[in-house]
Amino acid sequence: MFQFIVASGNNGKIREIREMLGDLGQVISQKDANILLEPEEWGSTFKDNALIKAKAVFNALPGNLYSVFVIADDSGICVDALGGEPGVKSARYASTTHRNAEDGANRCKLIIELEKRGVTSSRAQFVACVALVGIGSRGEYVEYVANGVCEGEVINKERGHNGFGYDSMFIPDGFSQTLAELPSEVKNSLSHRYKALLQIRDRLAHA
Ligand code: ITT
């Protein structure tokens, strides 16, 4: 069995990662592991930021513990009508500083930006880069990044109460409900995060 420390302060992500990796070992948050740092996400890509977060928490671990892995997720929504925005800035879309804004404020900003373009919906993608950093069972250093994409349509209104972030504004391909209207098991079987974590599971099979 593994132990996973999730390098995140986002409870929605931590819950989903626990739901999707819990069968492979214990999944705890960095806060539960008493690692209280909040690294600056200065990267320009999801991949860079996922590695920044994972390495910062890994470096704060007391010693090199075999089969303990840090998992970091950098993710966001890329909206075609907005030229790919908010992308890596999804968490701070409504903010005027480099700090994160509330989910509700970010959704409001997205609705306003769609309205400015005169569109009620747009093709969009949820993207997740998940970094795995740790020491494998044979003492080898493991650093691996996986990428997952979920295609769909973003709408200019909020529907549903499940999930977090932009879920209530995103309808995945093949469905008529938003991710916040669908049960969490459905989201967890098609999401960007699920697709990236499938690759992480493959990598862990050799760790
Ligand atoms: P950590 O960096 O501490 O993990 P964060 O919320 O700052 O938490 P990101 O920098 O990766 O995380 O920003 C991700 C943004 O994209 C954030 O606004 C999320 O709400 C949104 N997001 C990512 N995945 C999502 C999902 O599955 N459903 C809805 N919104 C999502």
Taking the alpha-carbon centre of each part, the distance from the range 124-139 to the range 1-19 in Å is 12 Å
The number of Lys pairs in the range 2-204 whose alpha carbons lie under 22 Å apart, excluding pairs fewer than 8 residues apart on one chain, is 25
Expected unfolding gain across residue 97-residue 189 under the 0.36 nm per residue rule, minus the alpha-carbon gap, is 29.7 nm
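I'd like to know how the range 2-204 sits against the 2.2 N^0.38 Å rule of thumb: what's its Cα Rg over that expected value?
On the way: Rg = 16.9 Å, N = 203, 2.2 N^0.38 = 16.6 Å.
That works out to 1.02 for the range 2-204.
Tell me the Kirkwood radius of the range 84-178: reciprocal of the mean inverse pair distance over distinct alpha-carbon atoms, in Å.
Details: mean 1/r = 0.0662 Å⁻¹.
Taking every pair of different Cα atoms in the range 84-178, averaging 1/r and inverting gives 15.1 Å.
Magnitude of the Cβ-charge dipole of the chain, K/R +1 and D/E -1, about the Cα centre, nearest 20 debye? Could you put the intermediate results ahead of the total?
Values: 23 positive and 26 negative charges, 34 e Å.
Once rounded to the nearest 20, the dipole reads 160 debye.
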Rounded to the nearest 5, the percent of antiparallel DSSP beta bridges in the range 14-146 equals 95 percent
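Go through the range 108-170 and name the chymotrypsin sites (Phe, Trp or Tyr not before Pro) that are in a DSSP coil and have 15 or fewer other Cβ atoms within 10 Å of their Cβ.
Those satisfying the criteria are 164.
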Counting Lys and Arg as +1 and Asp and Glu as -1 over every other residue whose Cβ sits under 9 Å from the Cβ of residue 88, the net charge comes to -2
Taking a probe of 1.4 Å and leaving out DNA, RNA and ligands, the chain shows per residue an accessible area in Å² of 47 Å²
The percentage of the accessible area of the chain (probe 1.4 Å, all protein chains present) made up of carbon and sulfur atoms, to the nearest whole number, is 50 percent
Those trypsin sites (Lys or Arg not before Pro) from the range 153-195 that are DSSP loop and have at most 15 other Cβ neighbours within 10 Å turn out to be 157, 159
Those GluC sites (Glu not before Pro) from the range 95-163 that are DSSP loop and have at most 12 other Cβ neighbours within 10 Å turn out to be 102, 140
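The values are calculated or read from the model by the stated rules, or taken from the named source; none is laboratory data. Note that the structure is a prediction, hence the values are computed from the model and not measured. Reconstructed Cβ throughout: ideal geometry from the backbone, glycine too, with neighbour counts over all protein chains shown. Accessible surface is based on the protein model in full, side chains and every heavy atom, while ligands, DNA and RNA are left aside. Shrake-Rupley method; radii C 1.70, N 1.55, O 1.52, S 1.80 Å.
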